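Reading through the C-alpha cells given below for one structure.
The values are calculated or read from the model by the stated rules, or taken from the named source; none is laboratory data. Because the structure is predicted, anything quoted here is derived from the model rather than measured. Cβ coordinates were reconstructed from backbone atoms using ideal geometry, including for glycine residues, and neighbour counts include every protein chain displayed.
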Amino acid sequence: MKHIISALVENKPGVLAHVAGMFAARAFNIDSLVVGRTEDPELSRMTIVVIGDDRVVEQVRKQLAKVVPVVKVQDFAGQPVVARDLMLIAVSATPEKRPEVLSMVEMFKAKVVDIGQKLLMVEVSGPERKIEAFIDACRPYGIKSVARTGTIAMPRQVKTDSRPLITDNR
Amino acid sequence: MKSKSCSSAGSADQSSIKAGLSTTLKAGAQIIVDTLIEQGVDTMFGYLGGVVLPLFDRLYDAPINFINPRHEQGGCHMADAYARASGKVGVVVATSGPGACNLVTGLATAMMDSVPVVAITGQVRTELIGNDAFQEADITGITRPITKYNCIVKDVEDLARTVREAFYIASTGRPGPVLVDVPVDIEVARCKTDGPVEMKLPGYRVRTKGNARQISMVAKEINKAQQPVLYVGGGVIIANASEELRAVAEKAHLPVTTTLLGLGSYDQSRPESLDMLGMHGAAYANYAVQECDLLIAVGARFDDRVTGKLKAFAPNAKIIHIDIDPSSISKNVRVDIPVVGDAKIILAALVKEVEYHERKRWFKKIAEWKNKFPFSYDRDSTTIKPQYVVEEICRLTEGRAIITTGVGQNQMWAAQFYRFSRPRQLISSGGLGTMGYGLPAAIGAQVAKPEALVIDIDGDHSFNMTMTELRTAVENKLPIKVCILNNGYMGMVRQWQELFYNKRYSKSYLSNPDYAAVAEALGAVGITVDKKGDVPKGIKKMLGVARPCVVDFRIEREENVWPMVPAGKSLNEMDGLDILESMA
Ligand SMILES: Cc1ncc(C[n+]2csc(CCOP(=O)(O)OP(=O)(O)O)c2C)c(N)n1
Ligand SMILES: [Mg+2]
C-alpha cells in the first residue's frame, strides 16, 4: 500500500543525505520524495511516498523519526488529505492537431505555458491519477519530454476520529 | 561567515587588534579542547596528520591523558572499549582522508553495539572540499550509515555547540558513535566565545520514563505467567540497570537468559541464570525460550543470531519488549506489549508491581535441561581443549577479570566458559563481529580501569589483525594480558566449512608467527603453552607479571563450538546436543 509520509526537518546541509541514506541503507522503497521550504526558515518539509505493508511503513516512520535532524513525522494513511503532483509536459502539436490538444488541456484544467512551432508545453497539477491520465491522453500525439514533482500533501480540516500517526520530537 | 566576530586565521590577529578583542578571541582548535574538557574528557585516543596539527598543538599542554594507537582502527576500538568499561564517552581523533577512513570499522562496531563514541576528524580546508584535494575523503558521507549522527562544521561559531551536541547525542537515548568533521581552516579560525552556547536539536528527543499503564500491563502478564523468561541484552548494561534487573527477577522469580552483550548484567552464579541464548547459547536457555509462555525482552533487539528462524521463535509466547529505541520495537518480532524508555527507570517501576510465584514445574523443567545439556567438552582429552583454558582462566582469576575477545570460536568459548558476575565485565564485538577487536579493546578497558585485571581471550587470526597495538600497551605501561586460543585456523569459518562444505577448508588456514617471540619483540612478555599439563602454570605465570603479556595456547586444532543452531533453523533445532549430553 502507498503511504504519504510528511516529515518536518531542520533546514540545514546534509539533512537530505541523512534521510535518503537511511532509506537506502534499510532497503525501503521510495516512490517519490519532495523537499521544500516552509513558513519557518529553520524548517523544511519532506513529503515522501513509500510503498510497503503496514509493518514496513511503521519501520519507515520510526526510523525517520530517529534521524537526528528530523523534527516531526506524520503518516497520512487512512486520512482525508489533499495530495497534489505537478507536471510540465511537452506534447507535439502540429498546427492541424493543435485544437485537439488544446481542448484536452481545457478538459484537464491544465495550462499552456509555452508554445513552439511543433510543441506545446503544458502545466498540469492535481492528484497523481490525473497526471497519469493526462500523460496517457497525450501519448497519441507524441510526448517530447516530461518533468514531474512527486506528491505533496496536507490533511484536510475535517473533524475526524482517526488522526494521522505522528511522532513529534519537539 | 555568519558573524563579524569570526575571522579567518590570516586576518584574525590584525582585525582583533583593531577591535581590541584579542583576549576574547579563541581559535577553533582551542574551542575543541576546551569543550572536551567541559564535557569531562580526561582521556582520549588518536593519531596525527596534517590537518589536525592545530588541534594537536592545543592538546600539547591540555590536561588530557592521550593514547596514540598504532592504527586509527585500534584507536577507535580503544575509545569504544573505554566507553564500554567506564560508561563514559570514548573520544578518538584522526586526520582527514586515510586517517578518517581507518575509523570506519571501529565506528561500525560501536554503532552496532550502541557504544557512545565521539570521533573528531580533520578535514581539508573548506574551500578545497569537493576538489579531490590531497587526503580528502567525504567522511561524513562514508560514515553516515555507521554513526548515530555526523556532521561537518563550516563555521567556527558553530564548533563549541556542535561538539557539545555530539556528546549529548552519543551518550543519551540509545547511545552510539557521533562523528564531527572539522576542516583545518575552522581549527585555526578564531571567534568570540563568551559563555556557553545552547544546544540546538529540535529533532532529537529521548523518551526515558516509560508509560505507566503499559508497565502495569507488563506486571500483570508477569504475575499470571506460568513459564516466563527474561531475555536481557546489552541495553541493561548501558542503562546501568543490573540492580533493578536483579530485583525484578528475584521478586517475581523469573529465569534470566542474556545475549552475548548482556552477559554480566545478571550474575551467572545465581540460580535463575540461564546463561547465554542464541546460535551458540545454552541448550537450556534456547529450550526455555522456545517453550515459554511469556518472553520479557529488556534492552535486547531480537538479532538473528539470537532468534534463529524468526517465524518459529518463541512460538507460544506473549512478547513484551522494553527498549529505549522505539524503532527496535516490532522490527523483527511482533511485540504484544511495548514499553519505550530507560530500562533502569522502567524496571524500577516494574518491581513494585510484580509478585512472587514459585513456578515449580517450570523451574524443574529448566533444571532438567540444565542437567542434561550443560556446556561441556572432553575433559579427558590429552590435547589442550580451548574450553579448558577458559575454565582455568576463570578459576585462577576467581571470575573477577574484565574479559575482551576476538571474534569466532574464541569469543563463543569465552562467553560459554567464563562466568560473568557483574556488568561491564565482558567487552566483545557482538553486532558487527569485528575480528581484531580484542587487543585494542583490552587496552581501552585497561585505560578506563587501571586497577582491573584485563584479559583478552583471543583467536589467532583475530589477534593477527591488530597485534601491532601490543606496542601501545607496552608504551603506556598497560599490563593487559592476551590469551590466544591458537588453533591455527580461522576456527569458526573452518567449523562451518566442516559442517556445511564437506570439510573443504578453503583458505581458512594461514601460517602464524611465534606469538611469544612477537610479544617479546614488541616489549611484552611472551609465553607458549603446548601441553595440557602446563595450562595452569602458564596462566599463573601470566598473572604474575606486571607487564603486558601474551600466552600462546596451542589448542586442539579442530575443536568445534557446541551447541549450534544452524542458520535458518529454529532455536530448539540445535546440533551437538549428543556431544554435550555424552560429556555432561
Ligand atoms: C574483520 C573480520 N573479517 C572476517 C570475519 C569473518 N570471520 C568470522 S570468525 C573468523 C575466523 C576467526 O579466526 P580466529 O580469530 O583464529 O578465531 P577462532 O574462530 O579460530 O577462535 C572469520 C574470518 C570477521 N568476523 N571479521
Ligand atoms: Mg583460530
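For the reader, a short list of remarks on this structure follows.
- For residue B:43, the stated conditions hold: it is at pLDDT 95 or above and in the same structural domain as residue B:165 (by TED's automatic domain parsing).
- Restricting the stretch B:468-500 to residues that are in a loop (DSSP other than H, G, I, E, B) and within 14 Å of ligand 1 (Cβ to nearest atom), the residue that is farthest from the other protein chains (Cβ to nearest Cβ) is B:488.
- Among the residues of the stretch A:87-113, just one is part of a helix (DSSP H, G or I), of a type in the set (D, E, K, R) and touching a residue at least 24 places away in the same chain (Cβ under 8 Å), namely A:100.
- Condition check for residue B:134 on (1) surrounded by fewer than 23 Cβ atoms within 10 Å (Cβ to Cβ); (2) in contact with a strand residue (DSSP E or B) (Cβ under 7 Å, 6 or more places away or on another chain); (3) closer than 28 Å to residue B:191 by Cβ: one failure, at (2).
- Selection of the stretch B:354-394 for residues being within 16 Å of ligand 1 (Cβ to nearest atom), under 30 Å from residue B:291 (Cα atoms) and either within 14 Å of chain A (Cβ to nearest Cβ) or of a type in the set (Ser, Thr, Tyr) (or both) yields only B:377.
- Filter result (assigned to a strand (DSSP E or B) and more than 10 Å from chain A (Cβ to nearest Cβ)) within the stretch B:162-188: B:177, B:179, B:180, B:181, B:182, B:183
- Candidates are the residues of the stretch B:468-491 that are surrounded by 24 or more Cβ atoms within 10 Å (Cβ to Cβ) and of a type in the set (A, V, I, L, M); the one that is farthest from ligand 2 (Cβ to nearest atom) is B:473.
- Residue check: residue B:191 meets all listed conditions (1) within 14 Å of chain A (Cβ to nearest Cβ); (2) in contact (Cβ under 8 Å) with a residue 12 or more places away in the chain; (3) not in a helix (DSSP H, G or I) but one, namely (1).
- For residue B:516, the requirement of being away from ligand 1 (no atom under 16 Å from the Cβ), surrounded by fewer than 18 Cβ atoms within 10 Å (Cβ to Cβ) and over 22 Å from the mean Cα position of the chain (by Cα) is not met.
- Restricting the stretch B:97-136 to residues that are within 13 Å of chain A (Cβ to nearest Cβ) and in contact with a helix residue (DSSP H, G or I) (Cβ under 8 Å, 6 or more places away or on another chain) leaves a set whose member that is farthest from ligand 1 (Cβ to nearest atom) is B:126.
- Test: residue in the stretch A:63-83 that is within 29 Å of residue B:327 (Cα to Cα) and of a type in the set (Lys, Arg): yes
- Search result, residues across the stretch A:14-49 that are modelled with pLDDT of 95 or more, of a type in the set (A, V, I, L, M) and part of a strand (DSSP E or B): A:33, A:34, A:35, A:43, A:46, A:48, A:49
- Residues satisfying the stated conditions in the stretch A:87-115, i.e. surrounded by 15 or more Cβ atoms within 10 Å (Cβ to Cβ) and among the basic types (Lys, Arg): A:97, A:98
- Among (1) touching a residue at least 40 places away in the same chain (Cβ under 8 Å); (2) at negative phi - the single one residue B:310 does not satisfy: (1)
- Scanning the stretch A:116-139 for residues that are loosely packed, with under 11 Cβ neighbours inside 10 Å and modelled with pLDDT of 95 or more returns A:129, A:136, A:139.
- Some residue of the stretch A:49-72 being away from chain B (no Cβ under 14 Å), farther than 22 Å from residue A:133 by Cα and among the small types (Gly, Ala, Ser): no
- Of B:405, B:397, all but one fail to be within 15 Å of ligand 1 (Cβ to nearest atom) and out of contact with any Lys or Arg (no Cβ under 9 Å at 6 or more places or on another chain); the exception is B:405.
- Residue B:447 more than 19 Å from the chain's Cα centre (by Cα) and in a helix (DSSP H, G or I): no
- For the stretch B:289-408, the strands (runs of 3 or more DSSP E) that sit wholly inside it and include 1 or more residues that are modelled with pLDDT of 95 or more, hydrophobic (A, V, I, L, M, F, W, C) and assigned by TED's automatic domain parsing to the domain that holds residue B:249 are B:294-298, B:318-323, B:337-340.
- The selection criterion, being surrounded by fewer than 20 Cβ atoms within 10 Å (Cβ to Cβ), more than 9 Å from chain B (Cβ to nearest Cβ), closer than 16 Å to residue A:7 by Cβ and small (Gly, Ala, Ser), holds for residue A:77.
- Considered as a group, the residues in the stretch B:137-152 that are aliphatic (A, V, I, L, M) and surrounded by fewer than 24 Cβ atoms within 10 Å (Cβ to Cβ) include one that is nearest to the other protein chains (Cβ to nearest Cβ), and that residue is B:152.
- Single residue of the stretch B:362-419 satisfying the filter (surrounded by fewer than 19 Cβ atoms within 10 Å (Cβ to Cβ) and among the aliphatic types (A, V, I, L, M)) that is farthest from the chain's Cα centre (by Cα): B:367
- For the stretch B:451-467, filtered to residues that are touching a residue at least 24 places away in the same chain (Cβ under 8 Å) and more than 15 Å from ligand 1 (Cβ to nearest atom), the residue that is farthest from the other protein chains (Cβ to nearest Cβ) is B:453.
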